[in-house]
Structure formats: C-alpha cells, structure tokens
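Participant: Got a structure for you, written out below as structure tokens; questions coming shortly.
The values are calculated or read from the model by the stated rules, or taken from the named source; none is laboratory data. In this text the structure is predicted, and so the values were computed from the model without any measurement. So basically every Cβ, Gly included, is an ideal-geometry build from the backbone, and we count neighbours across all protein chains shown. For accessibility, only protein heavy atoms count, side chains too; no ligands or nucleic acids. Shrake-Rupley method; radii C 1.70, N 1.55, O 1.52, S 1.80 Å.
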Amino acid sequence: MKSHEVVFHPEDSLLKKAIFYTLFTFLTLFFLFLVYLFFNEALKLIQTINDISEGKIYFLKQKGKAFGFICFIPLLFILAYMFAHGIFNRRPSKKILGLVIKVAVFCSFLGIPTMIISSISMANYFHNEGFVNCTSYSPGMSLDFYVYDEQFCNEEGVVISYKIKKWLLEQNGQGEPSLEEFNKVISLYLSEYYELFN
C-alpha cells in the first residue's frame with residue numbers, strides 16, 4: 001500500500017500524463033530560476049555599491065528593491081519542492097500545502113516592506129553619491145537609471161533610451177566619459193531613428 005497520494009492512475013491517458021509531467025517540470029525549474037534571478041539581482045546591487053565606492057561607475061541601471069526579493073526565496077524553494085513532487089507522481093501533502101500558505105504570508109509581510117525600504121534607501125544612497133535619476137531613460141514607473149552628470153540625461157533621448165542606456169553603461173570602467181562623444185552618439189542614434197520612422 002502506497003504511503004502517498006499519486007497524481008496519475010493507470011487509467012489516465014498518456015497525453016494527460018505527458019502534459020502534467022511537462023507542467024510540473026516547467027514550474028519546478030521556473031521557481032528555481034527565480035531563486036537564481038533574485039540572488040543575482042541582489043549580488044549585482046552589492047557589486048554596484050562596491051564599484052561606486054571605488055569610483056568605477058558613472059552610469060547605473062539598478063533596482064534598489066532587489067534586497068527585498070531575497071525575502072521571497074524561501075517561498076520559491078518550497079514551491080519548487082512542491083511541484084517537484086508531481087514529477088515523481090506524488091501529490092504534495094496537506095502539510096506542505098499549509099507550509100506554502102504560511103511561508104507566503106510571512107514572506108509577503110517581510111518582503112514587501114523590505115522592498116519599499118530598500119528601494120528608498122538605495123535611491124537616497126545613489127543621490128548622496130552624486131548620481132542623478134534620469135527620467136528620460138527610465139520609462140514608466142521604473143526610475144532605475146542614474147547618471148553622474150545630468151548633462152548625460154538628454155530629454156530627446158527618450159525615444160532611443162534603450163540604445164543610449166546600453167552605450168552609457170559600456171562607458172563604465174573606461175575612465176571619465178566624454179560629453180562631446182556622448183552628444184555625437186546621441187545625434188547619430190536620433191538621426192537613425194527619425195530616418196527609420198519618418
């Protein structure tokens with residue numbers, strides 16, 4: 001007699017089994033990928049802070065709320081563990097389901113305030129270090145792109161912000177950027193844009 005409930009029974013079709021096995025595998029890997037992503041974002045933020053202190057950074061694209069993401073990692077591990085049961089044809093026990101709910105509530109109470117506080121704290125830190133938030137390169141509510149000199153924040157660059165941000169970030173670690181070179185690059189990108197869409 002089996003000590004656990006199974007997801008599939010002998011009479012279930014092969015198609016049903018294939019679909020659910022694929023789903024369980026995808027969800028397990030998806031939650032593990034999110035764990036990696038959240039850790040990576042936090043590590044990148046720490047590296048950015050170190051680079052700023054060493055004077056290597058002139059432009060940065062960073063989400064200050066990355067530290068809050070870490071609070072959700074225990075929940076992601078439990079969700080991955082839960083869906084991994086399905087891969088082995090086991091239905092998660094009520095104990096695991098109850099644990100998921102408890103951890104989800106705990107992570108939300110801890111993670112959401114941490115994200116807000118972390119975001120505000122990092123924005124203040126960047127400003128105190130002399131960086132200016134460039135709204136022209138930060139569409140919507142993201143507000144996550146900073147420049148060390150507001151002359152590099154060109155309002156006309158809003159339509160080509162993805163190109164400008166990429167170019168600016170590539171200048172980090174190569175000495176102090178040239179404003180003259182920046183103006184040439186943005187003029188080139190704008191002419192290409194208007195030629196394409198007009």
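Participant: With a probe of 1.4 Å, find how much accessible area segment 25-182 has per residue, and write the answer as a whole number in Å².
Facilitator: With all protein chains present, segment 25-182 gives 58 Å² per residue.
Participant: May I pose another question? Tell me, what is the FRET efficiency for F109 and N183 to the nearest 0.05, using R0 = 45 angstrom and their Cβ-Cβ distance as r?
Facilitator: The calculated FRET efficiency here is 0.40.
Participant: Related question: If packing is taken as the mean number of other Cβ atoms within 10 Å per residue, what is the order of 59-69, 11-21, highest first?
Facilitator: Ranked by mean Cβ neighbours within 10 Å, highest first: 59-69, 11-21.
Participant: Can you pull the percent of segment 49-198's accessible area that's carbon plus sulfur, 1.4 Å probe, other chains left in place?
Facilitator: Within segment 49-198, the accessible surface is 60 percent carbon and sulfur.
Participant: In deg cm²/dmol and to the nearest 500, what is the mean residue ellipticity at 222 nm of the chain if only DSSP H runs of at least 4 residues count, each as -39500 (n - 2.57), divided by the residue total?
Facilitator: -21500 deg cm²/dmol
Participant: Suppose R0 equals 45 Å. What FRET efficiency, 1/(1 + (r/R0)^6) with r the Cβ-Cβ distance, do N172 and H9 give to the nearest 0.05?
Facilitator: 0.20
Participant: Tell me the volume per residue, in Å³, of the convex hull enclosing the alpha carbons of the chain.
Facilitator: Convex hull volume per residue, Cα atoms: 163 Å³.
Participant: Among the aspartates and glutamates, which fall within straight-line cross-link reach of K16, defined as a Cα-Cα distance under 17 Å, with same-chain neighbours fewer than 8 residues apart omitted?
Facilitator: The reachable aspartates and glutamates, counting only those whose Cα sits under 17 Å from K16, number zero.
Participant: Distance check, please: which entries in K63/K102; K65/K94; K61/K163; K44/K163; K44/K166; K44/K102 exceed 23 angstrom between their Cα atoms?
Facilitator: K63/K102; K65/K94; K44/K102
Participant: To continue, here is another question. Which Cys in the chain stand alone, with every other cysteine's Cβ at 4.7 Å or more from theirs?
Facilitator: By the Cβ distance rule, which asks for a partner under 4.7 Å, the isolated cysteines are C71, C107.
Participant: Determine the relative contact order of the chain: mean sequence separation of Cα pairs under 8 Å and six or more apart, normalised by residue count, in whole percent.
Facilitator: 23
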